[in-house]
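In what follows, a structure is listed as structure tokens, so that the remarks can point back to it.
The values are calculated or read from the model by the stated rules, or taken from the named source; none is laboratory data. All values reported here derive from a predicted model rather than from experimental measurement. Note: ideal-geometry Cβ built from the backbone for every residue, glycine included; neighbour counts use all protein chains shown. Note: accessible area is taken over every heavy atom of the protein model, side chains too, but ligands, DNA and RNA are not part of it. Shrake-Rupley method; radii C 1.70, N 1.55, O 1.52, S 1.80 Å.
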Amino acid sequence: MPATPTTDPLQRERDHLAASRAALRAMRADVESLDIRDVTGTWVTALVLHNQIEARIAALADLSHTPLFFGRLDYLHAISEELSEGSGGESFYIGRRHVHDADGDPMVIDWRAPVSQPFYRASRTEPMDVERRRRFGYTGGELTAYEDEHLSDPGEDDTASALLAAEIEKPRVGPMRDIVATIQPEQDEIVRADVTGTICVQGAPGTGKTAVGLHRVAYLLYAHRERLARTGTLVIGPNNAFLSYIEQVLPALGELDVAQATVQQLVGHVEVKGEDDPEAARLKGDARMAEVLRRAVRSGITLPTEPCVVVRGSRRWRVPAYELVEIIEELKDRDVRYGAAREALPQRIAHTVLLKMEQGGEAPDDRVQDAVARNAAVKAVVKECWPAVDPAKLVLRLLSEPEFLAACAEGVLTPEEQRAVLWPKPGRSVKTARWTQADAVLVDEATDLVQRTPSLGHVVLDEAQDLSPMQYRAVGRRCTTGSATVLGDLAQGTTPWATASWPEALHHLGKPQAHIEELTKGFRVPEEVIAYASRLLPSIAPGLAPASSVREAPGSLTLRQVEGGDTTEAVLAACREALEREGSTGLIAADARVPRLAEALAEAGLPNLSPGTETSAQARLTLVPASLAKGLEYDYVVLDEPAAVVAGEPDERTGLRRLYVALTRAVSGLTVLHGEPLPEQLR
């Protein structure tokens, strides 16, 4: 006897969820059951097909903690080709991936599909043929609520979505959550922008710029999968803790093959063992160093004074010195990569010899030219006039030998600046030298001058405001033929070389025509907290518009002055208080204070994690050095001694920017504890 259809709307939606999960399991089972033994020609094609099937199986995994769909669109008119125009409207469930039933009919539509776009863009003023937009609420993976907006009904009041607010405010335990259910129209425009263009997003704290960048990668891989599968995609973050924090977002959206790296991992040609003082690091990151390195790479090129004589059999072919000079000068003027020019030089000399052979009555072919190019006399000219360059050895010499640096930096760096970038103790070899992070970027630049760096299809660069011009160049050469999404906040620049303006940064990136978007409406940080932190903006980023928040949370900010100066006991009490609530807690402190606080937490029996370690129901407290707080978020933040955070940086502006970052990590509540006076901007 068939089951009677339920009249309860919520139960019907739960039934659809259960049926969709069953359909997804069936889709995965179909792929797992494929037998490819009789359809592959060679072991190579068999391996490729096997890997593709394994990737498909992984992509079809049903993540229990991730709702399969989060919304529904009811259109006024049919939009499917197989339905006639007069057959009425259609409904689509919007989710994280496509799911179809046994007949191939869609049960869930991928959020990236064109039919899903009105879920994010439709409004009462522009309903986009949507009669009803339904949002779903989940608790522990179970569908527990829904909320409707009748966009085509002029009589319905335009009210804020309670489920949307609840999703934003949901306690954070574990890695960074995706925002696919809460994307706003201005964010969706960035996510779906064309793959050929580079976009720079200036985003205030809590505006979701990081999640927007990650969702943009997922969208581009959906819309341009073949193209990006060939050229590759890369997400670049400031540190490993940050990458660990975001690493689950893309898999939750069905994308498993997006590489992640820090800038230092990109330029890992040498082992970093040392540390520059701020002035040396700033100068080594200056764009002028690119010209110094270009000169250094080409410094070994010399013009010949003797002819090249090639002996073949009983005949001798002579290329005069002046002809060799013309060949070398032409290669220099073409400004091709040093290594490519060096590879072309013996062929150019050999071609000249072939012309002389033809004039002498011979009929040489390409094989003869290749043989001449390998001739000892030709190889000797190349070795003498265009010697091979080892990029690491070249930079080692540049930073160790004052005379060589002076010759390469003449008219580019002043004598004082040259002394600042030289190593205090010259390096003896590439392996033993105390390379710094800035040195590694110089080696990468030299490497690219010798041999072109391969380009990816799309690069997402997060926390970009902290990069030096030379670091921008390092990232830019990895997307010379591709595009980029640049994310950052000028107010959060905490390096001595922090970006002064986005047009300047995009110039160094090699993308001067990039479109700049500004996100100022926050969803994560409560209005009371962001307004307090924004008091610092006139001092740290005077041209930047202050952020606002759509979330009012009275009582979300607490300021406590501690008598006696030592805040340790007050910190412990505040952490205990925060842990009584649901969600994660971040204790942020000046780097110098972290060891003392770690010891105090251990003595008090409060287990804590390091940044980047995934929180769980059993471990919800993370001890965060202020230098690693950028990009992270916690339900509740306890901020220890703001004055110490400021004092921990080389200058006041950088210190205040570091404090601005720390103040804007809280989603639900911020407690600021201080024994010393607060910075005057916050009083």
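Taking other residues whose beta carbon is less than 11 angstrom from the beta carbon of Arg134, and scoring Lys, Arg as +1 and Asp, Glu as -1, yields -2. Normalised size of the stretch 525-672, defined as Cα radius of gyration per 2.2 N^0.38 Å with N residues, equals 1.00. Once the Cα-Cα distance is subtracted from the 0.36 nm per residue extended length, the Ser610 to Lys521 segment shows a gain of 29.0 nm. Gain on full extension, evaluated as 0.36 nm per residue between Ala259 and Ala78 minus their Cα-Cα distance, stands at 61.2 nm. FRET efficiency for the pair Arg337 and Thr231, taken as 1/(1 + (r/R0)^6) with r the Cβ-Cβ distance and R0 = 22 Å, rounds to 0.65. With R₀ fixed at 25 Å, the C-beta to C-beta distance from Ser539 to Arg288 puts the FRET efficiency at about 0.30. If you add up the charges near Pro454, with Lys and Arg at +1 and Asp and Glu at -1, over every other residue whose beta carbon is less than 10 angstrom from its beta carbon, what do you get? So the environment of Pro454 carries a net charge of +3. Using only alpha carbons, the stretch 517-568 has a radius of gyration to Kirkwood radius ratio (Rg to Rh) of 1.10.
Taken as Cα centroids, the stretch 550-611 and the stretch 651-683 sit 14 Å apart, rounded to the nearest whole angstrom. Annotation for Lys425 and Leu678: the two label points, set 7 Å from Cα along the Cα-Cβ direction, are 4.6 nm apart. Each part gets one Cα centre, and for the stretch 416-462 versus the stretch 616-640 those centres are 33 Å apart.
Here each label is just a point 7 Å from Cα along the line to Cβ, and for Glu275 and Val325 those points are 5.3 nm apart.
So, R0 is 45 Å and r is the distance between the beta-carbons of Arg298 and Met128; what FRET efficiency does that work out to, to 0.05? Between Arg298 and Met128 the formula returns 0.20.
Once the gyration tensor of the Cα atoms in the stretch 412-540 is diagonalised, the equivalent ellipsoid follows with semi-axes of 32, 21, 13 Å, ordered largest first. For the pair Lys379 and Asp148, the difference between a 0.36 nm per residue extended length and the Cα-Cα distance amounts to 75.5 nm. Relative contact order, whole percent, for the chain stands at 14, derived from Cα pairs under 8 Å and 6 or more residues apart. The long axis of helix 288-298 is offset from the longest Cα principal axis of the chain by roughly 40 degrees.
Estimated from helices alone, the mean residue ellipticity of the chain at 222 nm is -11500 deg cm²/dmol (sum of -39500 (n - 2.57) over DSSP H runs with n ≥ 4, per residue). Does a label point 7 Å from the Cα of Thr196, set along Cα-to-beta-carbon, have any residues of the stretch 477-503 with amide nitrogen under 15 Å, and which are they? Hits in the stretch 477-503 for Thr196 at 15 Å: 481-484. An oblate overall shape is assigned to the chain, the ratio a/c of its alpha-carbon gyration tensor axes (a ≥ b ≥ c) being 1.5 or greater and a/b not exceeding b/c. On a 0 to 90° scale, report how tilted helix 652-663 is relative to the longest principal axis of the chain, with both axes built from alpha carbons and the result rounded to the nearest 10. Computed tilt is about 40 degrees. Shown here for the stretch 551-581: GluC sites (Glu not before Pro) in loop regions (DSSP other than H, G, I, E, B) with at most 15 other Cβ atoms within 10 Å, namely Glu552, Glu563, Glu580. The Cα-based radius of gyration and maximum Cα-Cα distance (Dmax) for the stretch 394-465 are 14.8, 41 Å. Each DSSP beta bridge with both residues in the chain is either parallel or antiparallel, and the antiparallel ones are about 35%. Accessible surface for the chain, divided over its residues, is 46 Å² per residue with a 1.4 Å probe.
Other residues lying with their Cβ under 14 Å from the Cβ of Glu32 contribute a combined charge of -1, Lys and Arg counting +1, Asp and Glu -1.
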